[in-house]
Structures are given as C-alpha cells and as structure tokens.
1. Take the residues in the stretch 229-241 that are under 28 Å from residue 186 (Cα atoms) and crowded, with 20+ Cβ neighbours inside 10 Å, then tell me which one is modelled with the lowest pLDDT.
2. Within the stretch 30-58, which residues are part of a helix (DSSP H, G or I) and among the hydroxyl-bearing types (Ser, Thr, Tyr)?
3. Name the residue that is most open to solvent (accessible area, probe 1.4 Å), counting only residues in the stretch 253-310 that are of a type in the set (Val, Ile, Thr) and part of a helix (DSSP H, G or I).
4. When the stretch 370-388 is examined, which residues are found to be out of contact with any Gly (no Cβ under 8 Å at 6 or more places or on another chain) and not aliphatic (A, V, I, L, M)?
5. Say whether the condition of being of a type in the set (Phe, Trp, Tyr) and touching a Ser or Thr at 6+ places or on another chain (Cβ under 8 Å) is met by at least one residue in the stretch 100-107.
6. Going by the structure shown, is residue 120 under 26 Å from the mean Cα position of the chain (by Cα), more than 21 Å from residue 282 (Cα to Cα) and either at pLDDT 95 or above or open to solvent by 40 Å² or more (accessible area, probe 1.4 Å) (or both)?
Amino acid sequence: MTEPAAGTPLPAQDVTGAPTLLLVGGGAARDHGADSTLRTIRAAHALGLAVHLTDLPEALAAATAVTALADRVSALDHEKPEVCAEWARSGAAGNVAAVFSSREYAQEAAVTLAATLGLPGNDPRVVATVRRKDLCRAALAEAGFRQPAVMLCHDPDQAREFVTGRSGPWVVKPRDAMGSIGVTLVETPDALDDAITALPAPGPFLVEEYVTGPEFSIEGVLVGGRPTVLAVTAKYVTKPPLFVELAHALPAPVEPEVHDGLAREATAAVTALGLRRGIFHIEAWWTEHGPVLGEVHTRFGGDWIHLMLEHVLDADLSETVLRDLLGLPTQVPIPTDPATTLRGAAVLFPTPPPGTVTALHGWNELTGLPGVLHADPQLAPGDTVPPLTDSAARRGVLITTAEDARTALDQAHRLAARLTTTVAPPPGAPVPPPTPTSMPVRQEQDH
C-alpha cells in the first residue's frame, strides 16, 4: 500500500459539515489501543458525531479495523504539535465539535488542536509539563507533594554527579517514554553506563531516587473541571533491575487507608497541576510515609485497564468524556469501593521465555468461559518471543472478572496454568519447560 503524505485525507465517507469528533492518534492496529479507539468511535457515533481520525501514515495503513469505522481519515504527525496547529488553521479538520486522544504520544497534539480550534481541552502548557517526567516531578514537589529526587541528564558525567553523595539504588529512564522502555535499576555508580546504553534513544534522560513499596495506578475522570477518582489499580511487576508489568487487579484489594490515601493524593495532584478535562491515569507507590506519586498521564491506563474499569463501573467512559467536552449534561460514574463493589477484574500477561514458538495449546478453550472477558495469545507457531525487557516484549493477555479483584486475579493464574506454549530457545540457550505461562509476580514498582 502506498503511504499518503502527512495531512492527506485517505478515502472515506464524505461528512463535510457534520459535527465531528477529531480523534487524534487513533490508528492503533490491535490490542488495547485498538479496543480503546473502537469504543471511542462508537461513543461518538451514539452522540451523533462523525469521527475524523488522524495518525501517522504507517499507523493508518495498518489499522484497517478502526479506519473502517471512522467517517474521515487523515494522515497527521501528532508528534509535532506545531504542524497539527497549522493543519487545523488551514480548515482541513472540518467542523470539529470536540478533540480527544487516548494515546500517550498524541496528548500534546490533541490539546494544541483543541486550543487552535477554540474548543474545550486542557491547557497545552500543562500537558507539556505533565508529559515530561522531570518537569512534572518539579511541579508536584513545588506544590508540596512527596517526590523522589530527580535530575535531567545529558551525559553520563551528569548522572554520576547526581548519584555522588546520595545513597542508592537509583533508576535510569527516558524523559517521556512509557511501558517500562529503557527503565533500569542501578545499584552502584559503576552500573550507570550500562543503564544509559540501554535507553531507547539518544538525548536527555532521567536519574532518580528509587522508591520502594507496592505500586498502584489511580484512574479518574474530569467532568465540569472537577476530578473524580473512579478506581485504584494494583500492579504486579517483575523483580529489578527491570520493571515490567505482568498483571493488574481492579479495584485494588487493599485496606481503606491505602485506597483513600491514594485517591486523595491523586485528586489533589490533578487539581494542583491544572488539569481540567478528560481522563487521568496516575502511577503511585504506597510507602511507609504514605503515597508517593509517580507519572501522571492525561489518558486511559494502558494494558486493558480501560476495559476492566468500564466493566467494573458498568459505564461508558468515552461517552462521559465526550459529553463533557461537548458541554452536554454529564453524569459521573459511581466510583469503586473495594469494600462494597460487587465486581472485580484482573489482567495477566503470561509471557513465555525467549525463543521461537513451535506450538500453542489451551487458548481456544478459554473463549466463552464464564469470567473470561478477553483472551489472546498474541502468538502463533513460528513467531519469535523477545527477552522480557519492557511491556512491548510481553506476549499473551488474559482478562478475567469475578466478584472482586483478588478472586479475578486468582482465576487468571489458574487459567494460565492450563495453557501450554512450546518454545525453541535461541541457539545456545537452555531448553525451557513447555508450560511457562504462570510467571511469579510481585506488587512492587514500575518506574
């Protein structure tokens, strides 16, 4: 397929003049990104909006399932907000009534487009601060929130300067990436160079103090300018030096003190940062001193958290956000309470060890089972499983539901134990067992 030039509309239904949702960076080809986009498109259509979907040309070419549902599709580089603003000023966007994005790297473009078109949205300066981890940490610390010490470094010498005189360990990570890409725990200054080499791209990076304690994320929505925490999610990750998320459970099975403390801290942080519209997803740790906030995101949580959240709430959050952006009467879903909520959900990523897949068994039997919301091996015989270094290297997803999150997670582990993936290891590596799907996880941190 020939890729169109940036800003060139692809063949689509003519909806000139119709009130439109401009869905920025919506060209996800599969998995939770595609599911989230499809849900947003359906919500927009239910509200009488046409959908103008934009993304990079190569993303649109691969995302046939979502582009088929959009009313208009344009190639647009959402990683260049100034280009998006010029595109909007040209009138190419059409009769836009609202702008939205659930993709991390499109957040700045989305709010820039909304501001250019004179539509509701977060302040682009606020979103720019939130997306840069060092700036967000500084803003939160200035507002009085506990934050680990952090330094934006441009070379290894600056990193060594930061750790000198500080007790370790420390974490090296990219300034604005996601999915644990390039995130490494460093125990000694001598290990800094290897961690910096493991970063996904050249350029500035962060070194920060390591925070210990179980990790959570806080999911919420902003309606009428007011934040509401809808749920707290428990995260289960690999052991250091890497921090790959292997499971989530929602609502988090924790004591009320932990749940309420995290919810209060997230609500206060969203308000202090100046966020007023859309969704928020905030990572945090619970320490001996209480909550410590991690990264702040102006989008749905990844890893199918959006699906688990909507199932537990029995609500359409895309509709909630769109109604607020359109200025329509909007009812905020009733937040979860671990003590009284009668629904829970969990997601498990049963990734096999590295190698070439020779056989898969058991996944087809999961389809239609009570309590299974979604199951996908994300593999086929002949596929290669990479080393588990970040979220993009995971293979397999299993989402379960039950009367509470702990039961749902236990169910996911029981079902995963019935799955068999046979993998031929790379040359010279030991032969793994044929059923490597039920990996141990810990509820710790994922910087």
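1. It comes out as 238.
2. If the condition is that a residue be part of a helix (DSSP H, G or I) and among the hydroxyl-bearing types (Ser, Thr, Tyr), then 36, 37, 40 are the ones that fit.
3. Quick first cut of the stretch 253-310, residues of a type in the set (Val, Ile, Thr) only: 254, 258, 267, 270-271, 279, 282, 287, 292, 296, 298, 305.
Checking which are part of a helix (DSSP H, G or I) leaves us with 258, 267, 270-271, 305.
On the way: 258: 20, 267: 46, 270: 0, 271: 69, 305: 3 Å².
Among those that are of a type in the set (Val, Ile, Thr) and part of a helix (DSSP H, G or I), it is 271.
4. So in the stretch 370-388, the residues out of contact with any Gly (no Cβ under 8 Å at 6 or more places or on another chain) come out as 370-375, 380-383, 386-388.
370, 371, 374, 381, 382, 383, 386, 387 - these are the residues of the stretch 370-388 that are out of contact with any Gly (no Cβ under 8 Å at 6 or more places or on another chain) and not aliphatic (A, V, I, L, M).
5. Within the stretch 100-107, one or more residues are of a type in the set (Phe, Trp, Tyr) and touching a Ser or Thr at 6+ places or on another chain (Cβ under 8 Å).
6. For residue 120, the condition - under 26 Å from the mean Cα position of the chain (by Cα), more than 21 Å from residue 282 (Cα to Cα) and either at pLDDT 95 or above or open to solvent by 40 Å² or more (accessible area, probe 1.4 Å) (or both) - is met.
Yes or no, residue by residue, for (1) more than 26 Å from residue 393 (Cβ to Cβ); (2) touching a residue at least 12 places away in the same chain (Cβ under 8 Å):
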site: 145; (1), (2): yes, yes
site: 153; (1), (2): no, yes
site: 157; (1), (2): yes, no
site: 160; (1), (2): yes, yes
site: 167; (1), (2): yes, no
site: 172; (1), (2): no, yes
site: 183; (1), (2): no, yes
site: 186; (1), (2): no, yes
site: 192; (1), (2): no, yes
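Results for (1) in contact with a His (Cβ under 6 Å, 6 or more places away or on another chain); (2) open to solvent by 40 Å² or more (accessible area, probe 1.4 Å); (3) farther than 20 Å from residue 390 by Cα, shown as yes or no for each residue.
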site: 127; (1), (2), (3): no, no, yes
site: 150; (1), (2), (3): no, yes, yes
site: 154; (1), (2), (3): no, yes, yes
site: 157; (1), (2), (3): no, yes, yes
site: 173; (1), (2), (3): yes, no, no
site: 198; (1), (2), (3): no, yes, no
site: 212; (1), (2), (3): no, yes, no
site: 215; (1), (2), (3): no, no, no
site: 225; (1), (2), (3): no, no, yes
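The values are calculated or read from the model by the stated rules, or taken from the named source; none is laboratory data. Here the structure is a predicted model, which is why all the values come from computation and not from measurement. A quick note on method: Cβ atoms are made from the backbone with ideal geometry, for glycine too, and the neighbour counts reach across all protein chains shown. Side chains included, ligands, DNA and RNA excluded: accessible areas come from the protein's heavy atoms. Shrake-Rupley method; radii C 1.70, N 1.55, O 1.52, S 1.80 Å.
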